[in-house]
Amino acid sequence: MPEEPCQCPDCQRFYREHDRLIRECPTLRQQQEVNWAALQSFRTLCGRVLEDLQKHNNQKNLITKTDDLSTGPVVERSSNSLNQVITDLENINAHLFSIEALMERIFDVKVPEEIESKFKEMAGELAPDPLNADRLRLNRLLHQTPDLPDRN
């Protein structure tokens, strides 16, 4: 028996986003482009935050080294926490570079227009328009909303 999809708000948001991306980018080429753009925006933002934290951390370390008497356990804990975040972001960036190298291979694939049409057809089946009248009627039937009486 198949497991029901999770209904928590985070999963519901994911399902909506998943379906939206399929509807709005229903071809192989569009999926390649949107995924590349998402990866690049992730790298850009993560890299910029990392640079800023490293700069802030270096400045803080210079100030701390010149005034060792003012440092205490709280400052040390805070510094360790920031160093851990910087390490984690460096790891994320390294993984993003690896993903980028793999994704470059995806762009080597080109498919004929007939196959792109198949992508569009499957996209319509996988993520139909949520505002489509038939879909809205079906949703009302499934959820027995007050505007549609029970059929008991």
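Every condition in (1) surrounded by 10 or more Cβ atoms within 10 Å (Cβ to Cβ); (2) modelled with pLDDT under 95 is met by residue 44 except one, and the failing one is (2). Restricting attention to region 101-115, the residues being closer than 12 Å to residue 31 by Cα and in a helix (DSSP H, G or I) number 2.
Counting only residues that are surrounded by fewer than 16 Cβ atoms within 10 Å (Cβ to Cβ) and without any contact (Cβ under 8 Å) to a residue 12 or more places away in the chain, region 23-36 holds 2 of them. Residues 20, 77: which one is exposed (fewer than 15 other Cβ atoms within 10 Å of the Cβ), out of contact with any helix residue (DSSP H, G or I) (no Cβ under 8 Å at 6 or more places or on another chain), in a helix (DSSP H, G or I) and at pLDDT 90 or above? Testing whether each residue is exposed (fewer than 15 other Cβ atoms within 10 Å of the Cβ), out of contact with any helix residue (DSSP H, G or I) (no Cβ under 8 Å at 6 or more places or on another chain), in a helix (DSSP H, G or I) and at pLDDT 90 or above leaves just 20.
When the criteria are applied in full, residue 12 fails the requirement of being modelled with pLDDT of 90 or more and either on the phi < 0 side of the Ramachandran plot or part of a loop (DSSP other than H, G, I, E, B) (or both). Residue pairs whose Cβ atoms lie under 8 Å apart, separated by 6 or more positions or on different chains, with the first residue in region 37-49 and closer than 20 Å to residue 82 by Cα and the second part of a helix (DSSP H, G or I) and of a type in the set (D, E, K, R), are 43/100.
Residue 66 passes every criterion in (1) of a type in the set (Val, Ile, Thr); (2) more than 30 Å from residue 16 (Cβ to Cβ); (3) at pLDDT 95 or above apart from (3).
The values are calculated or read from the model by the stated rules, or taken from the named source; none is laboratory data. This is a predicted model, so every value here is computed, not measured. Neighbour counts are summed over all protein chains in view; Cβ atoms, including those assigned to glycine, are modelled from backbone coordinates with ideal geometry.
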